[in-house]
């Protein structure tokens, strides 16, 4: 879904960028480790903060990234122009990822899947494009947050079939992922690292 005006302002706020760099990303790094020299995908890349984090903190060599909102891609292209040799950006949809099967060493999701009406299809697409042994790093908003009356009033999140922490883990396992680590946080957020088995049955 395309963000409304308030959400657009929130995700493009320096406070969000600081939290993403110094709290969320460092927690995911402790949970799943770096991806040194890896080829990585970020779904819903926004203005490019996540791409910088993946290159700098997670030590990826190359990052492909897309966003449903063309405005975000324009901002990311401007932000990342000095790293053009390491980055490829496009306007895309997580339920139909434009990539080959088994292409990426890791996929990153900084708060995107909870915006997707068919979130299970998004997870299946992530699984499809990961290499065997590749890891999925996710920061997600959970049902208790998305369906809260104030969040419903101020945002445009889908309300049907939202996931709890347990349901998100179970859905990843049903796709074939091994959940390496997960953590539910107060306020309705969750952090996850899952791995596509090296030998897929």
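Among the residues making up region 114-134, those that are in contact (Cβ under 8 Å) with a residue 60 or more places away in the chain and under 14 Å from the mean Cα position of the chain (by Cα) are 115, 116, 122, 126, 127, 129, 130. Condition test on residue 98, is it surrounded by fewer than 22 Cβ atoms within 10 Å (Cβ to Cβ) and under 19 Å from residue 35 (Cα atoms)? In short, no. For region 33-51, the tally of residues that are buried (at least 19 other Cβ atoms within 10 Å of the Cβ) and outside any strand (DSSP E or B) stands at 10. Taken together, 110, 136 contain a single residue that is in contact with a strand residue (DSSP E or B) (Cβ under 7 Å, 6 or more places away or on another chain) and farther than 20 Å from residue 173 by Cβ, which is 110. Here residue 47 does not fit the description of being within 28 Å of residue 179 (Cα to Cα) and touching a helix residue (DSSP H, G or I) at 6+ places or on another chain (Cβ under 7 Å).
Each value in this text was obtained by applying a stated rule to the coordinates, not by laboratory testing. Being a predicted model, the structure only gives us computed values, none of them experimental. Because the Cβ atoms are built from the backbone with ideal geometry, glycine has one as well, and the counts that use them run over all protein chains shown.
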